[in-house]
Amino acid sequence: MWQQVVGKELTTTEGEPIGVIYPGRPNGDNGPDFRDAVIVNESRLMQGDVEVHTKSSDWYRHEHHCDAGYNSVILHVAMWHDCHSTTVLQSGESVPVLCLAQALRHQAYLLPNQLPCFRILNRMDKGSLERLLSAAGDARFKQKAKHFRTEILRFAQKEQAGQALFRGMMRALGYSKNTKPFE
């Protein structure tokens with residue numbers, strides 16, 4: 001939902017107007033959730049990272065305030081604001097908080113229509129939707145089983161079938177960001 005607010009009139013929990021020019025690129029690794037975002041705050045252009053949480057108190061629960069890796073955060077986005085007005089970085093600086101529930105309240109009726117597959121899934125009855133999700137899960141499982149079977153056969157030719165099991169276990173332990181290094 002953070003990426004849906006580009007171009008919308010927003011206000012921080014402190015009442016400051018902000019604009020999102022670029023929400024940043026998703027970070028698939030450790031650290032803030034979005035990198036290199038660009039926002040306008042009080043006529044000042046700012047570039048940096050954005051951290052997104054369900055509740056604003058998650059910043060402290062996850063101990064980001066103790067982690068220098070989050071000192072590049074320029075905006076803390078939370079669905080619900082349930083603690084301090086601002087977010088304090090490890091460096092001691094404060095960054096504004098954007099409460100998405102507040103920002104999206106007047107637009108909530110529009111949101112589902114913007115979600116992928118909404119029109120199709122919305123027309124399905126509960127049983128059909130459950131069957132669709134179950135079939136998708138089965139297909140994913142079969143795809144992984146086929147890959148694993150191929151690995152076992154490849155290593156069996158070298159009389160190292162146990163290596164396939166070891167690699168599969170290590171890959172699972174590396175899920176999801178470190179699958180390749182763990183193999």
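Treating region 2-120 as a set of equal point scatterers at the Cα positions, no solvent, please give the Debye-formula log₁₀ I(q)/I(0) at q = 0.12, 0.15 Å⁻¹. Reported log10 I(q)/I(0), two decimals: -0.41, -0.64. As a length-normalised measure over Cα pairs under 8 Å and 6 or more apart, the relative contact order of the chain settles at 13 percent.
Given +1 at the Cβ of Lys and Arg, -1 at the Cβ of Asp and Glu and no other charges, the dipole of region 2-120 around its Cα centre is 500 debye to the nearest 20.
The residues 59, 2, when put in order of fewest to most other Cβ atoms within 10 Å, stand as 2, 59. The label-point distance for residue 47 and residue 90, in a model that sets each label 7 Å from Cα toward Cβ, rounds to 2.3 nm. Relative to the longest principal axis of the chain, what angle (0 to 90°, nearest 10) does the C-alpha long axis of helix 161-173 take? Orientation of helix 161-173: about 10 degrees from the principal axis.
Apply 1/(1 + (r/R0)^6) to the Cβ-Cβ distance of residue 40 and residue 157, taking R0 = 45 Å, and write down the FRET efficiency to the nearest 0.05.
0.15
For region 25-83, which GluC sites (Glu not before Pro) pass both filters: DSSP loop (anything but H, G, I, E, B) and at most 12 other C-beta atoms within 10 Å? Loop-located and lightly packed - 42, 63. What the Cβ-Cβ distance of residue 30 and residue 149 gives, at R0 = 30 Å and to the nearest 0.05, is a FRET efficiency of 0.35.
Computed over the chain, the per-residue total of -39500 (n - 2.57) for DSSP H runs of n ≥ 4 gives a 222 nm mean residue ellipticity of -10500 deg cm²/dmol, rounded to 500. The residues packed around residue 71, meaning those with a beta-carbon under 12 Å from its beta-carbon, carry a net charge of -4 if Lys and Arg are +1 and Asp and Glu are -1.
None of the figures in this text is laboratory data; all of them are computed from the coordinates on show. As the structure is a computational prediction, the values presented were derived from the model and not from experiment. All Cβ positions, even for glycine, are placed from backbone atoms using ideal geometry, and neighbour counts span all protein chains on display.
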